[in-house]
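First up is the structure itself, then whatever we jot down about it.
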Amino acid sequence: TVAVQSAGPGTGSEFVVRLPLVEPPPEQAADRGAEPAPRARRKLTVVMVEDNPDVAESLSIGLEQAGHRVRLFTDGPSALSGLARLRPHAVLLDIGLPGMDGYELAARLRKRPNLRDTRFVAISGFQRAGDAGQARGEFDHYFVKPVDLAALRALLETDPVRKTGRLRVLLIEDNAELAALTEELLRQQGLEVRTAHSGREALEAAPEFRPQL
């Protein structure tokens, strides 16, 4: 049944729809007992920086149902503050964040020792051929919205950390301009670079960074 009532002009209307309660057909009842999506063998910590609440909620629910832990931030400054001590397996970054976009945020986070082994995944509403962020090394993978949750899970669960094999280079140079130029050239070659501007700074950075060169 469908009914409508109103107290008069300017007071709005109330619509009431009543539907009969019926038992589902046998095949639908059987579907209720279907096996849920398998949970991941390894529980991962995933950080998501996303200002769209619908995207954030859907991805968070999907990852949490798989057994992963999700920490959500809505902008760059809150992520920079919240990731000071976290060591997540992966960071999912929206490219179109307000104020500080995903490229700038990823570049700043990559410099932190606690995120050295973290995999960075870009999430964007636009498909970009030869994505500049991936070419510069800020991102390991690039997903276009709406994100395929199964593909994202497969990526995170089969390759939960950043690819290894990148040579870690500790650059010790007191000339700021020369240090910046050299660091950029080394990064373009796919090397992981930490810059120290003094011997004391290098001694402090070396135990954490563990440079190979």
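The values are calculated or read from the model by the stated rules, or taken from the named source; none is laboratory data. This is a predicted model, so every value here is computed, not measured. Neighbour counts run over all protein chains shown; Cβ positions are idealised from the backbone, glycine included. Areas reflect the complete protein model, heavy atoms only, side chains present, ligands, DNA and RNA absent. Shrake-Rupley method; radii C 1.70, N 1.55, O 1.52, S 1.80 Å.
In this structure the amide hydrogen of LEU72, modeled in the peptide plane, comes within under 5 Å of the amide hydrogens of MET48, none closer than 5 places in sequence on its chain.
The phi-based Karplus calculation (6.51 cos²θ - 1.76 cosθ + 1.60; θ = phi - 60°) puts the 3J(HN,Hα) values of segment 206-212 at 4, x, 7, 7, 6, x, 9 Hz, whole numbers, x for Gly and Pro. Per-residue accessible area (protein heavy atoms, 1.4 Å probe) orders HIS141, HIS197, HIS68 as HIS197, HIS141, HIS68, starting from the largest.
Accessible surface ranking for PHE209, PHE126, 1.4 angstrom probe, highest first: PHE126, PHE209.
For THR158, the accessible surface of its heavy atoms amounts to roughly 110 Å² (probe 1.4 Å, protein chains only, rounded to the nearest 10). Rounded to the nearest whole Hz, the Karplus-based 3J(HN,Hα) values (6.51 cos²θ - 1.76 cosθ + 1.60, θ = phi - 60°) of segment 74-86 follow the sequence 9, 7, x, x, 5, 5, 4, 6, x, 9, 4, 10, 6, with x at glycine and proline. Each Lys or Arg adds one and each Asp or Glu takes one away; over the other residues whose Cβ falls under 12 Å from the Cβ of SER198, this sums to -3.
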